[in-house]
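For reference, the structure is listed below as structure tokens.
The values are calculated or read from the model by the stated rules, or taken from the named source; none is laboratory data. What you see is a predicted model; the values in this text were computed from it and never measured. Reconstructed Cβ throughout: ideal geometry from the backbone, glycine too, with neighbour counts over all protein chains shown.
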Amino acid sequence: MIYHVRIDPHDSQAGARLAAALRDVGLATFEGVTDRASLLRLAEQVMHVWHHRDSDTDGVTAIGDRGELARRPGSAGFGRDELTVHTESSAEDRPPRLMLLFCARGAASGGECRLVDGARLHHELALRDPELLDALHTPRSVLFGGAAGHLGSVFTEHDGRAVVRFRLDDLARFSPQITRRLASLRAILHDLETPMPLMPGHGYLLCNTRWLHGRAAFAGERLMYRLLGNPLPTVEIPEGFATSLAEPATV
């Protein structure tokens, strides 16, 4: 079950309540943030904010149509086109564990967020294409982010928990065993993809090592604020998902 939290921007425990809502399935939605400053305060109650290549000095990345920037490899999010579901910062050795996304201004049309639960993806692959699942677990089977990126696997498992790391753009290079089954992977991702429209003033916090995120193409002046980070020591958020999970989350 996905929980929705109404935030009081002046509540010092708002972040703790949001993190608690996230804990079971790695995703929670929220409303009540009034501006960029209150969004940053909320994020800092949950995580150590991670400064991204494209973020401003406060760690907030404003995601809108930036024209030619979207043509740069790895920067498709700054355009208007569809964005395939992916792990944020997948080329890093250790991607940030949390991502907070907030709608500051909606699109004229389109632009719905799209989500895939990595636990559900793992579950469906085990049922529908176990050979592909094995390939996605194989070490050094995917190069994320080009020559200077990370050589690893889509799924990494340890002590009964798995994390997912995924992208499907020009900065992903797959082993032959995966490449020849990409059509199957795309079909399963399409089946599992769930749209999540965000109204202005609404957002979500997700576990970046469990959930894949993307968006539909849009028209208009859509503007989202994004923050990345790792949980504070006082915030207990499990990484990834249990591979024994009998019933993955639905949105």
> Taking the condition in a loop (DSSP other than H, G, I, E, B) and either basic (Lys, Arg) or at pLDDT 95 or above (or both), does residue 94 pass?
Replying inline: yes
> Among (1) small (Gly, Ala, Ser); (2) surrounded by 13 or more Cβ atoms within 10 Å (Cβ to Cβ); (3) not in a loop (DSSP other than H, G, I, E, B), where does residue 183 come up short?
Replying inline: (2)
> How many residues does region 126-156 contain that are surrounded by fewer than 15 Cβ atoms within 10 Å (Cβ to Cβ) and in contact with a helix residue (DSSP H, G or I) (Cβ under 7 Å, 6 or more places away or on another chain)?
Replying inline: 2
>> I need a count of the residues in region 1-37 that are in a loop (DSSP other than H, G, I, E, B) and either more than 20 Å from residue 60 (Cβ to Cβ) or without any contact (Cβ under 8 Å) to a residue 40 or more places away in the chain (or both).
In response: 14
> Quick one: residue 117 ticks every box in (1) within 22 Å of residue 210 (Cα to Cα); (2) acidic (Asp, Glu); (3) without any contact (Cβ under 8 Å) to a residue 12 or more places away in the chain bar one, so which box is it?
Replying inline: (3)
> Residues of region 158-190 being in contact with a Leu (Cβ under 6 Å, 6 or more places away or on another chain) and over 21 Å from residue 128 (Cβ atoms), which ones?
Replying inline: 173
>> Can you report the number of residues in region 1-41 which are of a type outside the set (Val, Ile, Thr) and over 25 Å from residue 163 (Cα atoms)?
In response: 17
